[in-house]
Amino acid sequence: MTSPTVALKEPETDTRAPRRVRHEPRRRQLEVKRVDQIAAHMIRVALGGDLEGFTSLGFDDHIKLFFPDGPAGADGTPPTASRDYTPRRFDPTANTLDIEFVLHDAGPATRWAEQVKPGQQLQIGGPRGSFIIPTNFDWHLLIGDDTALPAIGRRLAELPAGTRAVVLAEVDGPADQLSFESAADVTVAWAHRNGAEAGSTSVLADTLKTLRLPLGDYYAWVACESLTAKALRAQLIAAHGANPKWMRAAGYWRRGAVAVHDTHND
């Protein structure tokens, strides 16, 4: 007598679990094709050139940009400083990569961006990988300061019709606000620091308290000054029912430090 065949049940997968994808990193020499002022303290630079095989699958991916930082050495080449930036938009047909720069300090990135013109060269590296967040939540919450606007804009552009998103963004004032394009149903709340030093106020936390957020399961994404991001994460969990598994909080910069990128996740 033979035993009956038992069908093995395939393990269920979590369709809301983010996934990581690794990429082969490489440096690329690119040329500035276009420079546009898109807000009072933000410019968009379109780069072209060696972009064959460029891959960026996550809206908050980071690439390294290498800026001249000091006088040229004996070989005629200046030293460089690297900074992390979000690939705002890659157009494989036009072979262009858009990067958005916040003009907010006197570092090598801002010095370069303040004088950049078409025809100049810039090296980039990466991204080394992508963190892909599914879109199948009841809604999405995106919180950030000026430095997060490129990633927020990219996420909204990529969200499909039928999805819903709430954006809370800190900028200095109305002249720094951007218009976002999206097929999703998007609500945007702007928090102004009105001349105060970036990262020194509680305007994001204070404005968050006043928002009427939708019901349902949501993914919360936070990126801003590091200590602010950490505090906002705690506020979302304690006061707004955020699921720590459905959250990504990052310090894109830290007051008093240089070239910092922190993560505040379990």
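Could you pull out the trypsin sites (Lys or Arg not before Pro) across segment 47-153 that fall in loop regions by DSSP (anything but H, G, I, E, B) with no more than 14 other Cβ atoms inside 10 Å? Let's see the in-between values first.
Details: sites: LYS64, ARG83, ARG88, ARG89, ARG111, ARG128; in loops: ARG88, ARG128.
The qualifying sites are ARG128.
Counting only protein heavy atoms and a probe of 1.4 Å, the accessible surface of the chain is 50% carbon and sulfur. Take ARG128, project a point 7 Å from its Cα along the Cβ direction, then tell me which residues of segment 26-64 have their backbone nitrogen under 18 Å from it. Backbone N within reach: 26-28, 55-64. Quick note on segment 52-126: its Rg to Rh ratio, both from C-alpha atoms and Rh being the Kirkwood radius, is 0.99. Sequence neighbours fewer than 8 away in the same chain don't count; with that in mind, list the lysines whose C-alpha is under 27 Å from LYS245. Cα-Cα hits under 27 Å: LYS9, LYS209, LYS230.
For segment 1-158, what D do you get in µm² per second when you plug the Kirkwood radius from alpha-carbon pairs into Stokes-Einstein at 4 °C and 1.567 mPa s?
On the way: Rh = 17.9 Å.
Diffusion coefficient, whole number: 72 µm²/s.
Two numbers describe the Cα atoms of the chain: Rg and Dmax, which are 20.6, 86 Å. Here is the list for segment 168-226: trypsin sites (Lys or Arg not before Pro) lying in DSSP coil, each with at most 14 other C-beta atoms within 10 angstrom of its C-beta, are ARG212.
Shape descriptor for segment 23-70: Rg over Rh equals 0.99 (Cα atoms; Rh from the Kirkwood inverse mean 1/r).
In segment 143-266 the Cα-Cα distances spread across 10 Å bins starting at 0 as 13, 46, 36, 5, 0 percent of all pairs. If you run the Gaussian network model on the chain, springs between alpha carbon atoms under 10 Å, then out of THR110, THR201, THR210 the most flexible one is THR210.
The values are calculated or read from the model by the stated rules, or taken from the named source; none is laboratory data. Everything quoted here is computed from the prediction, not taken from an experiment. Heads up, the Cβs are rebuilt from the backbone with ideal geometry, glycines too, and the neighbour counts pull from every protein chain shown. These area figures cover heavy atoms from the full protein model, side chains too; ligands, DNA and RNA do not enter into them. Shrake-Rupley method; radii C 1.70, N 1.55, O 1.52, S 1.80 Å.
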